[in-house]
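Participant: Structure in structure tokens, see below.
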Amino acid sequence: MKTTHVFAVAVMWLSVAAGAGCRSEEKPKGHFNGWDGGVPPKREECAVQTDDCFDRCYKRKASPACIGCCRDHDFLCRTQQPDMLLSCDGTQ
């Protein structure tokens, strides 16, 4: 009886191990999945400009809307669309 249990466990383990190699691991879904190919690539010039925008918002104690403005313009910069990061300076 004990040998049968060991054999059954071994067969189950082998079938699970064999099946695991056949399927590919699914990537976790990100915020931009489903929007023309996913997250836009990071660009160094956009990161520097966006960080400066965040700093200006913080120094003048602006509302979270200012941070949102900076993020919106960061997305525009990453997707190589015209952006005006200085327009966030007028955000309360």
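Participant: At 7 Å along Cα-to-Cβ for each site, give me the label-to-label distance between residue 71 and residue 12 in nm.
Facilitator: Those two pseudo-labels are separated by 4.6 nm.
Participant: Turning to a different aspect of this structure: Show the residues, 5+ positions off or on another chain, whose built amide H is closer than 5 Å to the amide H of residue 43.
Facilitator: none
Every number here is computed from the coordinates shown, using simple stated rules; none is lab data. Since this is a predicted model, take the numbers as computed values, not measurements. Virtual Cβ from ideal backbone geometry, glycine too; neighbours counted across all protein chains shown.
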